[in-house]
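Have a look at the structure below before the remarks.
Taken together, the values in this text are just the output of simple stated rules run on the coordinates, not laboratory data. These figures come from a predicted structure and were not determined experimentally. Note that we place each Cβ from the backbone using ideal geometry, even for glycine, and neighbour counts take in every protein chain shown.
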Amino acid sequence: MDPSQFSNQPPEAYNSSAKSGLPAAAPPAYQHNPAGYPPSFPNQPVPQGPYPGQPVVTVQSAVFVTAAPLADPVPDYLGYSIFTMLCCCLPLGIAALIYSISTRDANYSGQRELAEKNSKMARTLNHIGLGIGLVVIVLVIISQIVIWTNR
């Protein structure tokens with residue numbers, strides 16, 4: 001075996017433009033100010049970085065805003081919602097439970113207006129569900145009494 005056949009150099013007859021079938025075009029000319037960059041002013045000194053010829057890049061730090069929980073949270077009526085859901089009116093109790101949980105989340109994230117709105121809706125749904133549940137219970141008791149007395 002001839003080791004010269006396995007060298008990293010291409011053969012002498014290798015022509016990249018002939019192989020690709022495309023004419024070799026010159027690269028685009030150097031642009032002093034690429035698109036999107038402000039023009040440089042030769043009279044102003046360019047701030048230098050830690051290495052010669054390297055400009056200094058100023059980066060603005062990220063600011064994270066976090067909301068603190070409310071100091072005096074709005075009541076969420078969670079227990080009332082669970083009672084309404086289990087004992088009085090299931091559909092209105094579920095809706096009230098969702099608003100109660102939303103109130104709790106708004107209290108935790110510091111959104112007082114949203115917490116007040118959700119709290120008011122949860123309380124209203126709980127009152128309506130409790131009223132419907134009591135009316136249904138009273139009607140069932142009355143109907144049972146009427147059925148037992150007519151026997």
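Here are a few things to note about the model shown:
- Estimated distance in nm for a label pair at A24 and T149, the labels positioned 7 Å out from Cα along Cα-to-Cβ: 11.3
- FRET efficiency estimate (nearest 0.05) - Cβ-Cβ, V138 to E116, R0 30 angstrom: 0.35
- Applying 1/(1 + (r/R0)^6) with r as the Cβ-Cβ distance of D105 and V56 and R0 = 30 angstrom yields a FRET efficiency of 0.10.
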